[in-house]
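Below you'll find the structure, written out as structure tokens, and then a few comments.
Nothing in this text is a laboratory measurement; each read-out follows from the coordinates by a stated rule. All values reported here derive from a predicted model rather than from experimental measurement. Virtual Cβ from ideal backbone geometry, glycine too; neighbours counted across all protein chains shown.
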Amino acid sequence: MRHPLRSIAVQGAWYAAGSALVKVSGLILLPVLTNTRFLSVADYGFWGVLEVSAQIAVATLGLALSVGLVRFYNEPWGGDRALAATWWMTAGIAGLIAVVGGVAVARFAPVALRPVYAWLLVHTAGELLLAVPLAYLRARERALVHTLVQGLKLALLVSIALVLMVRHAQGLAGLTRALGISTGATLVIAVLWSKHPAFFGRALCGGPLFDRTLAVRLLKFSVPLVLGGLGSMVLNAGDRYVLAGLRPPEDLAYYSLASRFGGVVNMLAVQPLNLAWMPLLFRLREDQRPGVLRLLVPYLAIALCAAVIVISIFAAPVLHIMSSDPVYAERAVPLIPWVGFGFAAFGLAVVTTGVLALFHRTRIVSLCILLVAALNIALNFALVPRFGPAGSAVATLVSYLALDIAHFRLIASLVPNRYPWGRIFGVAAVSAAAAFAGALRPYTGGVTDWCFRGGLLAAWAAALLVTRWFTIGEMREIVRVMRGPMSRP
């Protein structure tokens, strides 16, 4: 079999591409979203709240059933029956959301905002349903097809949004309309492409279409994760609600942009790792787990830090190339390292969350995330009135570090291990110095400025080699593992 780290890298690369194809739409549209001709700064801040609200709804109302599908699909008693149970329970939830949400929008939403909220409902219901065929592809390790589906969604979203916002000047209403149409169309195509009988209400061979016993088993595993999912979303996005309540909408816009850049770490590294890591972890033998974790944790830390550095150093030039309003570079870019390193810490928590899920400690996962989310909100209320968006950025990093500490202590008894913490902390310190130096420097556009930014990146790499926190020999070993199969880690 492949070396486990190679499996993570190969599958993760495809998932990274798929995640990027979805999330990068926000970056591709930045020249439009940060241009006041098409969307005001206040509306961009309001969009930040709407976007995270939809994400929270998807994370909680879906009851984490797609996670249960990935966990149980490869069990002898799971398979297609698990898929059918997941799909029809999710379909019922999506239908209920459409009806209740539609009535609420018609009765309570301001007339001018009704189209915005209505299309956001369409998007939310579509995302809930789309999660099921995507989880089915993950369970079958069809990473390439998973990526193609995400690519389709990107193409639809960007093209429709450009037409509605630029050509027809529909602003925020056009953005939400594009989101709803792209999600719905992608769902229809994904279901039709699969041709699986479970999606069309046809009975499965050897059993009923909907297995109630299996549905209960799925719910028992998944429902405890809902609180964790809610806590995770509050941890990721609760600060925006605090900013919206305590600061002007422009501050929310700056923080939302910093989160979008910092979220590239989440998009290109953390989420792909999550998609590839859990299916592999569930198949590892008990004797393989310590070795894989001992290798994965330090190398992952280095990779995540590298991503934060690149984003922090080159965010200001990117905004200049996009012709964004200069105030965004001045106010948002200095926040990026805080948010980026927060997502890097979250990346390590994804690894430990998988271990806890393996041992069915889903309640503990949820409890930890809820406690850390409460810490995040408390820090925001303490820091935002005085420091504004900078307070939210600091709270994000502190909260994710607290989650890492709790998780690594919890898995110590489940998979005993010794991690090179000195090496990890050293890499983090050098990386922070490079990232903040790049983010705090105003972009001038001259040769000297580009040399400075490139020099920071080169100095970081040289520091790792000099301190031997990462060696040429390790690089060669990683290349060797990626090229050829190996039976044991």
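Annotations for the structure displayed:
- Ranking Val100, Ala131, Gly245 by how far each Cα lies toward the positive end of the dipole of segment 4-483 (charges on Cβ) leaves Ala131 at the top.
- Estimated distance in nm for a label pair at Ala169 and Cys451, the labels positioned 7 Å out from Cα along Cα-to-Cβ: 4.7 nm
- Stretchable slack from Ala458 to Glu474, in nm (0.36 nm times residue separation minus alpha-carbon distance): 3.9 nm
- Nearest-20 debye value, the chain charge dipole, Cβ charges on Lys, Arg, Asp, Glu: 1080 debye
- By the count of neighbouring beta-carbon atoms within 10 Å, fewest first, Glu127, Glu75 end up ordered Glu75, Glu127.
- Taking the helices alone, the chain has a mean residue ellipticity at 222 nm of -27000 deg cm²/dmol, built from -39,500 (n - 2.57) per DSSP H run of at least 4 residues and averaged over all its residues.
- For the pair segment 94-108 and segment 395-460, the centres of their Cα atoms are 44 angstrom apart.
- Here Ile424, Ile405 are placed in order of increasing Cβ neighbour count within 10 Å, fewest first, which gives Ile405, Ile424.
- For segment 296-418, the calculated P(r), taken from all Cα-Cα distances in 5 Å bins from zero up to the bin holding the longest distance, is 2, 11, 17, 18, 17, 15, 10, 6, 4, 1, 0 percent.
- Length released on extending from Val318 to Thr213, taking residue separation times 0.36 nm less the Cα-Cα span: 32.5 nm
- Put a dot 7 Å past the Cα of Ala303, heading toward its Cβ, do the same for Ala155, and the two dots end up 2.8 nm apart.
- Protection-proxy order for peptides 393-400, 105-112, 437-444, 59-66, each taking the mean of Cβ atoms within 10 Å per residue, highest first: 393-400, 59-66, 437-444, 105-112
- Mean separation of Cα contacts under 8 Å (6+ apart) over length of the chain, as relative contact order %: 23 percent
- Separation of segment 292-308 from segment 44-65 is 29 Å, based on Cα centroids.
- Put in line by how crowded their Cβ is, counting other Cβ atoms within 10 Å and starting with the fewest, His168, His320, His407 read His168, His320, His407.
- With R₀ fixed at 41 Å, the C-beta to C-beta distance from Val327 to Tyr419 puts the FRET efficiency at about 0.45.
- In this structure, Arg140 and Lys220 have a Cβ-Cβ separation that, at R0 = 25 Å, corresponds to a calculated FRET efficiency of about 0.60.
- Under 17 Å from a label point set 7 Å out along the Cα-to-Cβ vector of Leu246, the amide N atoms of segment 350-375 belong to 373-375.
- A value for mean projected area of the Cα convex hull in nm² was derived from the coordinates, and within the list (i) 20.9; (ii) 24.3; (iii) 23.1 it appears as (iii).
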